[in-house]
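Colleague: Please see the structure below; I have some questions.
The values are calculated or read from the model by the stated rules, or taken from the named source; none is laboratory data. Everything quoted here is computed from the prediction, not taken from an experiment. Positions of Cβ are generated from backbone atoms using ideal geometry, with glycine treated the same way; all protein chains shown enter the neighbour counts.
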Amino acid sequence: MEILHVSAECYPVAKAGGLGDVVGALPKYQNQLGHIAKVVMPMYRTKFLYENDFDITHKGSFAMGHYWFNYTIIKEKTNKLGFDLFLVDINGLLDREAVYGYSDDVERFTAFQIAVVDWLSKWNHQPEIVHVHDHHTGLIPFMMKHCYAYQHLSVIPTVLTIHNAQYQGWMGWDKSNYIPDWNTWEWGKLDWEKNINPLASAVKCASKVTTVSQSYLEEMRHNANGLENLFEYERGKCIGILNGIDDSVWDPAVDTYIESNFSVENVHEGKLASKKVLCDLYNLDIDKPLFVFIGRLVHEKAADLLPQAIYDSVYHMQGTMSFLILGSGEPGVEWELENMKNQLVGYYNSKIGYNEKLSHQMYAGADFLLMPSRVEPCGLNQMYAMRYGTIPIVRNTGGLRDTVIDVGEPGGYGIVFNDATVWDITYSVHRALELYKKPKRINKIRTTIMKIDNSWENSADRYINLYNSLQ
Ligand code: ADP
């Protein structure tokens, strides 16, 4: 089967979070199962672009509102990612370094989607499935059905995967002329609460909808940033498929980002060597348990609770632990986390920004990973942490609920708490300290979690079954 994934991110070309990891891995595993999966994404000006060779595949043009754009599709020459990678170049819109965060993101991603559909409509090699990811590609199922120039594409089934329903790509109806000539009787397929809502539109128009964990799918019927009723109504076409992790990239035995590789056999020594690197770099005490947080410093991740929870833990538990934070996001939270460095010298440190190497070093060197998320569709960090023998401390929500069992339960290997509150986080830190006093137990948990199979094989197969049901 031939599948075309359309996404705003794909690791290692461009990544801002879990979406990039998933789109960088899933197609590779689908190809290993004997299918042909390809990826098309914007041609940002990232390192990957300059370090690799590409062929021009197609050139075209389209109107968006009153503007005319030329686009070029290029293809990476060597298939080095394990799948065909196509990049869409649109000068003036996509030729930027970062993936998101520009004031014209609506225009950038609408133009990207039009270019993809336009290219698809002229391509002599059309896929059997178009698989779109998140709101940045959410208008594609609508365009393939209801834009007059592209209606011949309506025979191709579309699948939407929701990695995060908090962001929906809202745009005002004044921008409806961006979408190429469409059947205005179908306006209801674009609308949600008097705005054009690309995510809602994709839920309405795609043949099937998946979310990245079963628990998240259930939660969305009660908490989906305004789309609760839509998910309730469309639940017949929605299924949850848990993300996997790319265990060829995330493998402590061969990871080139970490100084000292290790496996289940030498996990204690391996982690200690990585912890030493971190403690030396960030002035922390190697003899104390190290708690880390890696991620976007935003409300969904409950990053706003971290400063108080860290203070309370250090003061109430007499500084018997260290904390290290890596992330970027809300300026207020960044400021607090930076400011705390001077007050908790030797107990706490942080690195504000995005740093792939440091994230690997932290998964390898930490004792515990904190994920107090308010919302967590799947969460990859806890799975990476476990692969590197780091014990996850997670809130009981979404994909975290589906992947971590509390140590108090039979067969448990993590620490799970219910509420996104400072109290629940500090109490969980206290539980972790108690656990840390039992080295044999810690070692046993480490070897258990490193052996958990969270690889893509299972999930990649579930997607194929889903596609088959649409043929
Ligand atoms: P989300 O996609 O909601 O941000 P996920 O848990 O699904 O969360 O995926 C997060 C991914 O992004 C992981 O690979 C994590 O290591 C990475 N990541 C997040 N923030 C940073 C950062 N500041 N530096 C390096 N990697 C990061």
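Colleague: Looking at segment 422-432, is at least one residue more than 23 Å from Asn261 (Cα to Cα) and among the aromatic types (Phe, Trp, Tyr)?
Modeller: There is at least one residue in segment 422-432 that is more than 23 Å from Asn261 (Cα to Cα) and among the aromatic types (Phe, Trp, Tyr).
Colleague: Of the conditions (1) in contact with a helix residue (DSSP H, G or I) (Cβ under 8 Å, 6 or more places away or on another chain); (2) modelled with pLDDT of 95 or more; (3) outside the structural domain of Gln361 (by TED's automatic domain parsing), Gly236 clears all except one; give me its number.
Modeller: Unmet for Gly236, out of (1) in contact with a helix residue (DSSP H, G or I) (Cβ under 8 Å, 6 or more places away or on another chain); (2) modelled with pLDDT of 95 or more; (3) outside the structural domain of Gln361 (by TED's automatic domain parsing): (1).
Colleague: Follow-up. Can Met317 be described as farther than 15 Å from Pro372 by Cα, crowded, with 21+ Cβ neighbours inside 10 Å and assigned by TED's automatic domain parsing to the domain that holds Tyr427?
Modeller: It is false that Met317 is farther than 15 Å from Pro372 by Cα, crowded, with 21+ Cβ neighbours inside 10 Å and assigned by TED's automatic domain parsing to the domain that holds Tyr427.
Colleague: May I ask you to list pairs of residues, at least six apart or on different chains, whose Cβ atoms are under 7 Å apart, with the first in segment 232-246 being more than 7 Å from Thr210 (Cα to Cα) and the second being in a strand (DSSP E or B) and within 16 Å of the ligand (Cβ to nearest atom)?
Modeller: Sorted first by the residue in segment 232-246, then by its partner, the pairs are Gly244/Ser455; Ile245/Ser455.
Colleague: Shifting gears a bit: Taking interchain pairs and intrachain pairs at least six residues apart, which have beta carbon atoms under 8 angstrom, with the first residue in segment 338-364 and at negative phi and small (Gly, Ala, Ser) and the second part of a helix (DSSP H, G or I) and surrounded by fewer than 21 Cβ atoms within 10 Å (Cβ to Cβ)?
Modeller: As it stands, the answer is Ser350/Glu338; Ser350/Lys341, since those pairs meet every condition given.
Residue by residue, here is whether (1) aromatic (Phe, Trp, Tyr); (2) buried (at least 19 other Cβ atoms within 10 Å of the Cβ); (3) at negative phi holds:
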residue: Gln30; (1), (2), (3): no, yes, yes
residue: Leu33; (1), (2), (3): no, no, yes
residue: Met41; (1), (2), (3): no, yes, yes
residue: Lys47; (1), (2), (3): no, no, yes
residue: Asn52; (1), (2), (3): no, no, yes
residue: Thr57; (1), (2), (3): no, no, yes
residue: Gly60; (1), (2), (3): no, no, yes
residue: Met64; (1), (2), (3): no, yes, yes
residue: Trp68; (1), (2), (3): yes, no, yes
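Colleague: Testing Ala224 on (1) surrounded by 19 or more Cβ atoms within 10 Å (Cβ to Cβ); (2) within 14 Å of the ligand (Cβ to nearest atom); (3) over 27 Å from Glu434 (Cβ atoms), one condition comes back false. Which one is that?
Modeller: (2)
Colleague: Another question, then. With the structure loaded, tell me whether Pro141 is in contact with a helix residue (DSSP H, G or I) (Cβ under 9 Å, 6 or more places away or on another chain) and in a helix (DSSP H, G or I) or whether it fails that test.
Modeller: Yes, satisfied.
Colleague: A follow-up question, please. State yes or no: is Leu284 aliphatic (A, V, I, L, M) and within 15 Å of the ligand (Cβ to nearest atom)?
Modeller: In short, no.
Rundown of residues vs (1) in the same structural domain as His58 (by TED's automatic domain parsing); (2) buried (at least 22 other Cβ atoms within 10 Å of the Cβ); (3) of a type in the set (A, V, I, L, M, F, W, C), yes/no style:
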{"site": "Trp123", "(1), (2), (3)": "yes, no, yes"}
{"site": "His136", "(1), (2), (3)": "yes, yes, no"}
{"site": "Met143", "(1), (2), (3)": "yes, yes, yes"}
{"site": "Tyr148", "(1), (2), (3)": "yes, no, no"}
{"site": "Gln168", "(1), (2), (3)": "yes, yes, no"}
{"site": "Asn177", "(1), (2), (3)": "yes, no, no"}
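Colleague: Please count how many residues of segment 150-166 are within 16 Å of the ligand (Cβ to nearest atom) and surrounded by fewer than 21 Cβ atoms within 10 Å (Cβ to Cβ).
Modeller: The number of residues fulfilling the criteria is 1.
Colleague: Hey, another quick one. Identify, from the list Ala37, Ala8, Ala25, the residue that is within 25 Å of the chain's Cα centre (by Cα), surrounded by 14 or more Cβ atoms within 10 Å (Cβ to Cβ), within 16 Å of the ligand (Cβ to nearest atom) and not in a helix (DSSP H, G or I).
Modeller: Criteria check complete, one pass: Ala8.
Colleague: Turning to a different aspect of this structure: Name every residue in segment 431-471 that is farther than 27 Å from Thr161 by Cα, in contact (Cβ under 8 Å) with a residue 60 or more places away in the chain and in contact with a helix residue (DSSP H, G or I) (Cβ under 8 Å, 6 or more places away or on another chain), in order of residue number.
Modeller: Tyr436, Ile442, Asn443, Arg446, Thr447, Ile449, Met450, Lys451 - these are the residues of segment 431-471 that are farther than 27 Å from Thr161 by Cα, in contact (Cβ under 8 Å) with a residue 60 or more places away in the chain and in contact with a helix residue (DSSP H, G or I) (Cβ under 8 Å, 6 or more places away or on another chain).
Colleague: Can you tell me which residue in segment 399-425 is nearest to the chain's Cα centre (by Cα), limited to those that are free of Cβ contacts under 8 Å to residues at least 24 places away in the same chain and surrounded by 19 or more Cβ atoms within 10 Å (Cβ to Cβ)?
Modeller: Selected residue: Val404.
Colleague: Also: Just checking, which of Asp134, Asp104, Asp95, Asp89 is within 21 Å of the chain's Cα centre (by Cα) and among the acidic types (Asp, Glu)?
Modeller: Asp134
Colleague: Does any residue in segment 373-398 that is at positive phi come within less than 7 Å, Cβ to Cβ, of a residue that is more than 11 Å from the ligand (Cβ to nearest atom) and of a type in the set (A, V, I, L, M, F, W, C) six or more places away or on a different chain, and which pairs are these?
Modeller: Pairs found: Gly389/Val267; Gly389/Ile449; Gly389/Met450.
Colleague: Could you list, in sequence order, all residues of segment 292-314 that are crowded, with 23+ Cβ neighbours inside 10 Å and over 16 Å from the mean Cα position of the chain (by Cα)?
Modeller: The answer is Val292, Ala302, Ala303, Leu306, Ala309, Ile310, Ser313.
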